[in-house]
Amino acid sequence: MEENKLPEAVLGQAADVEIAAAVEEPVAETEAAEATAAEESVNLSDKNLAELSEIFQQLRDSADSMLRSKEAEAIKSAFYKLLLKLKSDIPESAANPFEAVEENFKALYADYKKDRAEYNRRMEQEREENLEKKKLIIEDLKALVEGQEDVSASFPAFREIQNRWRDAGQVPVGSFRDINDTYQFYVEKFYDMVKINRDLRDLDFRKNLEAKEELCAAAEKLVESSDVVTAFRELQKLHEQWKEYGPVAKEKREEIWERFKAATAEINKKYQAHFEGLKEVQTHNLEEKKAICEEIEAILEKEITSSSEWNTLTEKIGELQEQWRKIGFATKKENQKIYDRFRAACDKFFERKREYYSDFKQNLNRNLEAKKALVARANELKTSTEWKQTTEAFIELQKEWKQIGSVPRKKSDELWKEFRAACDEFFAERAKHAVRRPAQKPQRPVHQVKDSLMDKYRALQQDIATYENNIGFFAASKNSEPLIKQMQNKIDKAKEELKKLENQIRKRNEEGEE
């Protein structure tokens, strides 16, 4: 019966110390992993104010919102950083266009902080209550150890105390070590002092072994998980449970611990490899983002002088922004820097575009006033009967019209129609006059035929010049093909007539007619 006096908990003390040492470092790594996961769960840097508010609302409405305080603070930080930047671009005299979304976010965050404070208060209160429960459990265990010698009565009571301890829950962090060490002290003392018969001791060992085998199986299953971060977190829970169970038979003690430790080492190895691989991906992402920044910065070096070019490059910037959104995070150290560089390049592009269109609008207005002046002048000239002088004046007006740039689209067609109507009215009247002219003028004597031919020749040359100018003028307008065709027919007909006159004049010259 002497071996019944051996405290098996003491024999397992070294193993338990190893377990505790193995757990402490992964727990710290878990906190770091959770912080990293919170940062990487949502890409906040590309979001606008409304999207950030919506993300915060979703977090606020989630069932685990109280456990996601780091994520909530990250969203808040991103929101106010963007808001501050946007406000800096607003002129001092202008109203704040972001007031409504800012007030909405403040209300959301205030509600969350209130709930979070209440949650923390409840958790702290619960931990304090759990601490008192565990103190009472220790008092019961102490009384059992110091006052009970009946094995049949003490062992079931001891088991009930262990179950109560496991169910009691977490205590304040500052009290954990002291309360746990005190509990373990009396547990070990129980195994030292209470005379447990072999059957009960072996039964206890078997139960502990079964429980630890289940923990080993659970850890080995986690090794196969593709979600290494979650597997690592779950492993920490298994280590906490492992410490709650007592020792196993001496011959099984090293074997079961080595099995559990092997699974732990494999998960830790995969966890480390995961973050090393993640770093490689993030480095690659950084290079891709640098390339996009360089491409936008190259666009900024271009001299852009037309709306069509601005439209083409705006589409290109949009494509590059879409590529950016599809790329994952860069390294933590460089992620904000590369985003700031990207945002600055995009902002500069759109600022230059705004400046261009501001100047473009001013040019449109200047062109509008210039064309209005030409319309007024054309209306003044359209009724003139000084055919030669006015024709030359209209040709100059048409040349000026073509040299003036674009005007606002709403006024373009209206001005063009009015100007063309004035031109058409004058040239139509001039054409009628040209038809009537032979019957106004008296018949020339025979000796003046050559002079008459020369007059017609020069008149046709002037008509051809007018028609050709009109073609260039009409080409700038929409739906001008019929007019151009009409002008071309007149030119062709006039050139044929011009050849006839050349032959007649040459014949007169050959005959020596004065």
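Counting only other residues whose beta carbon sits under 12 Å from that of Lys372, what net charge do I get with K and R as +1, D and E as -1? Please list the in-between numbers first.
Numbers: positive: Arg366, Lys371, Arg377, Lys411; negative: Glu369, Glu414, Glu418.
That sum, taken over residues with Cβ under 12 Å, equals +1.
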Rg/Rh (Cα only; Kirkwood hydrodynamic radius) as it applies to the range 297-359: 1.04
For the range 249-262, 3J(HN,Hα) per residue [Karplus equation, 6.51 cos²θ - 1.76 cosθ + 1.60, θ = phi - 60°, Hz, x = Gly/Pro]: 4, 4, 6, 9, 4, 5, 4, 5, 5, 5, 5, 5, 5, 5
Cβ-placed point charges (K, R +1; D, E -1), dipole of the range 297-359 about Cα centre in debye, nearest 20: 460 debye
Across Lys135/Lys212; Lys81/Lys113; Lys106/Lys289; Lys207/Lys269; Lys70/Lys332; Lys289/Lys337, pairs whose alpha-carbon gap is larger than 21 Å: Lys135/Lys212; Lys106/Lys289; Lys207/Lys269
Whole-Hz ³J(HN,Hα) from phi, Karplus 6.51 cos²θ - 1.76 cosθ + 1.60, for the range 61-70, glycine and proline x: 8, 6, 5, 9, 4, 6, 8, 10, 5, 5
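How big is D for the range 152-240, in µm² s⁻¹ as a whole number, if Stokes-Einstein is applied with the Kirkwood radius of its Cα pairs at 25 °C and 0.890 mPa s?
Reported coefficient: 158 µm²/s.
Given 4 °C and 1.567 mPa s, compute D for the range 124-276 with the Stokes-Einstein relation, Rh being the Kirkwood radius over Cα pairs; round to the nearest whole µm²/s. Present the calculation step by step, with values, prior to reporting the outcome.
Numbers: Rh = 17.2 Å.
Roughly 75 µm²/s, to the nearest whole number.
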Distance between the range 350-374 and the range 122-143 - C-alpha centres, whole angstrom: 79 Å
Ranked Lys134, Lys316, criterion: other C-beta atoms within 10 Å, fewest first: Lys316, Lys134
Cβ-based exposure ranking for Phe419, Phe185, in which fewest neighbours within 10 Å come first: Phe185, Phe419
Of Lys382/Lys411; Lys114/Lys326; Lys302/Lys410, those spanning more than 27 Å from alpha-carbon to alpha-carbon: Lys114/Lys326; Lys302/Lys410
Along principal axes, Cα extents of the range 41-195, largest first, whole Å: 87, 24, 23
The range 105-113 - phi-based ³J(HN,Hα) in whole Hz, Karplus 6.51/-1.76/1.60, Gly and Pro as x: 5, 4, 5, 4, 5, 4, 4, 5, 4
Nearby aspartates and glutamates by direct alpha-carbon distance to Lys134 (threshold 16 angstrom, same-chain neighbours under 8 apart not counted): Glu124, Glu126, Glu160, Asp167, Asp178, Asp181, Glu244
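Coordinate-derived values only; no laboratory data. All values derive from a computational prediction rather than experimental measurement. Please note: Cβ atoms are built from the backbone with ideal geometry, for glycine as well, and neighbour counts cover all protein chains shown.
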